[in-house]
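Notes follow the structure.
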Amino acid sequence: MSRSKFSEKLLLLKLRTTEDPEAFAKLYDIYAKRIYSFVFFKVSNREEAEDITSEVFLKAWRYINEKKKIESFSGLLYRLARNCVIDLYRSKSKQKETLSIDTEMTIEIGDSGKWKEDLGENMVNKLEMQKIVEALQKMKQEYREVVTLRYVDELEVSEIAEITGKGQIAIRVTLHRGLKKLKELLKENQAVE
Amino acid sequence: MSRELIRQLKSLKHAEIKPSEKWLKSNRELLLSQIKNTVIPKENTKFDFETIWQALSIFLPYSFVHKVVRPVVVVLLMVGMGISSWVVAASASSESLPGEWLYPAKRVTEATQVIVADVVGDTNGSTLLHAEFAKRRAEETRDIVSQNDPDKIEIAAKTVSDLKDEMETVSAKLEEIKAAQDSKAEMAQNINQNAQEIKDVLKEVKVNLLANTVTTTDSDDLSVQISEVKNLAKDTAVRAVEIMVEKHLQGDTSVSKDDVKQAINDQLQSAIKDANELKQSVDEVNKVIGAVKTEVNVLAKDAKGTDLVSTTQALSDKIDAASKQTQAAVSSTQQFNVVAGKTVDEGQTLLSQDNLASAVDKIKEVNTVTAQSEKITDDTLKAVQNVLPVVAVATDIPAVTSTIVIVTTTPSSSLSIILGVSNTVKIATSTPAMIISSTTNSTNTIKR
């Protein structure tokens, strides 16, 4: 178990037993940036990302206060963030009345157009990265989400399972298929070029 | 390809968008102020099992804690609670007596122990358990009888019946020990000790039964039943010693020769002690009945010319008959005592010559003699008790004047007599025939 995970669990235990806001603040310090990034990639709007991040932490506090079962605090934060993004997309789609809101799966909560401009200056091989981002964008949302959560956000399979509400085996299968699909898409791109 | 792809995907995170530090700080403060408002100070924090699982999940995977550790802990707790409650019930029930609500638990525990010993094939353990349980039944009978409750006579009879069953089982097991090549003389020695203890406890029960102020037909039957089981215990003890001798002669060294000789000597001594006590009992009954006879005769003379003549005469006749029987018993027990003494002497001589088998035969002989003596003593005591349903010898502290209290019921009239006895009758308190009680009432009263 990594040191950060250990300290996260200790903080969570302290939070559960003493309901200490300072312990929660420390957890905020650990996760705020990560959750912000995760949300930003999905909503592509700084203000919305900030609002959602604040909302995620408030909801997490209520969750802890209600003594609900928490398997992983990071998993909880990502799940709450994901749900908040879905809610945002729903409300947007409602306003536009262009998308169906019957099911969550019908809402595309991808990261369209945001990867390229956010790649930064430190990339060694910008071109290669752009190709990967393009391939990711072409993938089904189901695959893209799991692949990015696993390798970009570096979450454990168990955490991804908690976020998406699926079983760990299902996540592994999706991850495998997602990587396979990504490879195919990259090959297709190379062939076109 | 996959590894390279994964490496490239991981490098994507370097491109993450960082929130402004200012926003992070302000949002932190806002969040803290919001959550601090929701915190309610708690006076008593309730115990929450979830905290334990959370604490465990620091060291173990959460899913493992919830799917494996938690069910295991719950099962262990249940089993632990079950076992502890059973242990508490069993230990509490170990002191219980027949008729009490915890007693069935005691018996179930015993039955379980025997079943476990039988299942694991521990024959010796099973035998010792039966011997131990037989001893418990004897002690339970003693405790019930000492309560002097006529309503519990039936329960005592049932307990004696159970004791008899246990003794029969022990006897059967004893034969198995004899037949089995691998069985040790040590087992027979243990059974001998247990049987001796049972015999002693039952002797005590008989004394208590006679001492009970309320005697009924049931208690007489119980006395007979106890005598029967006592003889069974005595026979078992003798048989155990016999097997000890046999095993010893076959080369079994689990019990030393000295121990075998000691066991034989103990039985011989016990037999002569029993014979002496029986003789002493009958002698004392004879003394008491003699004193009562004298007083009743005086009373009959005084009652001449009154309407109490027929009642006192009937009582006098009954006491005469009982007196004759007692005198005959004195004579018989005297003879038996002499025979028993002689047999024991012979047994001890054989023992000194290391003739163990013949010494055991002498135990059997002396036991037959004491059994006959006991039968006569019991019959005499019964006859005396029929005449004097309650005989209580009240001894004043200087034991110079004794007061015999007689309470009897005749068909014609209810007669309660307390006689001041002029002659001195010193009664030993250890004898089963007499019940010593302290009273200051020494006046002569005749109540109709």
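Among (1) at pLDDT 75 or above; (2) loosely packed, with under 11 Cβ neighbours inside 10 Å; (3) aliphatic (A, V, I, L, M), there is one condition residue B:32 misses while meeting the rest; what is its number?
(2)
Does residue B:262 satisfy being within 26 Å of the chain's Cα centre (by Cα), more than 26 Å from residue B:145 (Cβ to Cβ), free of Cβ contacts under 8 Å to residues at least 40 places away in the same chain and surrounded by fewer than 18 Cβ atoms within 10 Å (Cβ to Cβ)? Give the steps one after another, and end with the answer.
On the way: within 26 Å of the chain's Cα centre (by Cα): yes; more than 26 Å from residue B:145 (Cβ to Cβ): yes; free of Cβ contacts under 8 Å to residues at least 40 places away in the same chain: yes; surrounded by fewer than 18 Cβ atoms within 10 Å (Cβ to Cβ): yes.
So residue B:262 fits the description; yes.
Of all residues in the range A:10-50 being within 24 Å of residue B:52 (Cβ to Cβ) and within 7 Å of chain B (Cβ to nearest Cβ), which is surrounded by the most Cβ atoms within 10 Å (Cβ to Cβ)?
Looking at the filtered set, the residue picked out is A:24.
Which pairs turn up if I take residues in the range B:159-186 that are part of a helix (DSSP H, G or I) and look for partners that are of a type in the set (D, E, K, R) and exposed (fewer than 15 other Cβ atoms within 10 Å of the Cβ) with beta carbon separation below 8 Å, at least 6 apart in sequence or on another chain?
Short answer, once both residue conditions are applied: B:164/B:228.
In this structure, is residue A:71 more than 7 Å from chain B (Cβ to nearest Cβ) and either crowded, with 17+ Cβ neighbours inside 10 Å or not hydrophobic (A, V, I, L, M, F, W, C) (or both)?
On the way: more than 7 Å from chain B (Cβ to nearest Cβ): no; either crowded, with 17+ Cβ neighbours inside 10 Å or not hydrophobic (A, V, I, L, M, F, W, C) (or both): yes.
Spelling it out, it is not the case that residue A:71 is more than 7 Å from chain B (Cβ to nearest Cβ) and either crowded, with 17+ Cβ neighbours inside 10 Å or not hydrophobic (A, V, I, L, M, F, W, C) (or both).
Please go through (1) in contact with a Ser or Thr (Cβ under 6 Å, 6 or more places away or on another chain); (2) over 30 Å from residue B:153 (Cα atoms) for residue B:261 and return the number of the only condition it doesn't satisfy.
The one condition residue B:261 does not meet is (1).
Given the conditions (1) away from every other protein chain (no Cβ under 11 Å); (2) within 22 Å of residue A:160 (Cα to Cα); (3) free of Cβ contacts under 8 Å to residues at least 24 places away in the same chain, and given that residue A:93 satisfies all but one, which numbered condition is not satisfied?
(2)
Can you name the residue in the range B:230-247 that is crowded, with 21+ Cβ neighbours inside 10 Å and more than 18 Å from residue B:271 (Cβ to Cβ) and, of all such residues, is modelled with the lowest pLDDT?
Filtering first and then ranking leaves B:247.
Going by what's in this entry, would residue A:80 be described as farther than 18 Å from residue B:54 by Cβ and not polar (S, T, N, Q)?
On the way: farther than 18 Å from residue B:54 by Cβ: yes; not polar (S, T, N, Q): yes.
Yes: the conditions hold for residue A:80.
What residue, among those in the range A:131-186 that are out of contact with any Leu (no Cβ under 8 Å at 6 or more places or on another chain) and assigned to a loop (DSSP other than H, G, I, E, B), is surrounded by the most Cβ atoms within 10 Å (Cβ to Cβ)?
Among residues in the range A:131-186 that are out of contact with any Leu (no Cβ under 8 Å at 6 or more places or on another chain) and assigned to a loop (DSSP other than H, G, I, E, B), the one surrounded by the most Cβ atoms within 10 Å (Cβ to Cβ) is A:153.
Is one or more of the residues making up the range B:109-125 closer than 30 Å to residue B:153 by Cα, in the same structural domain as residue B:173 (by TED's automatic domain parsing) and assigned to a loop (DSSP other than H, G, I, E, B)?
No, the range B:109-125 contains no residue that is closer than 30 Å to residue B:153 by Cα, in the same structural domain as residue B:173 (by TED's automatic domain parsing) and assigned to a loop (DSSP other than H, G, I, E, B).
What's the total number of residues in the range B:105-120 that are under 18 Å from the mean Cα position of the chain (by Cα), under 15 Å from residue B:91 (Cβ atoms) and without any contact (Cβ under 8 Å) to a residue 12 or more places away in the chain?
Count: 2.
The values are calculated or read from the model by the stated rules, or taken from the named source; none is laboratory data. Since we're looking at a predicted model, the values are computed, not measured. Note: ideal-geometry Cβ built from the backbone for every residue, glycine included; neighbour counts use all protein chains shown.
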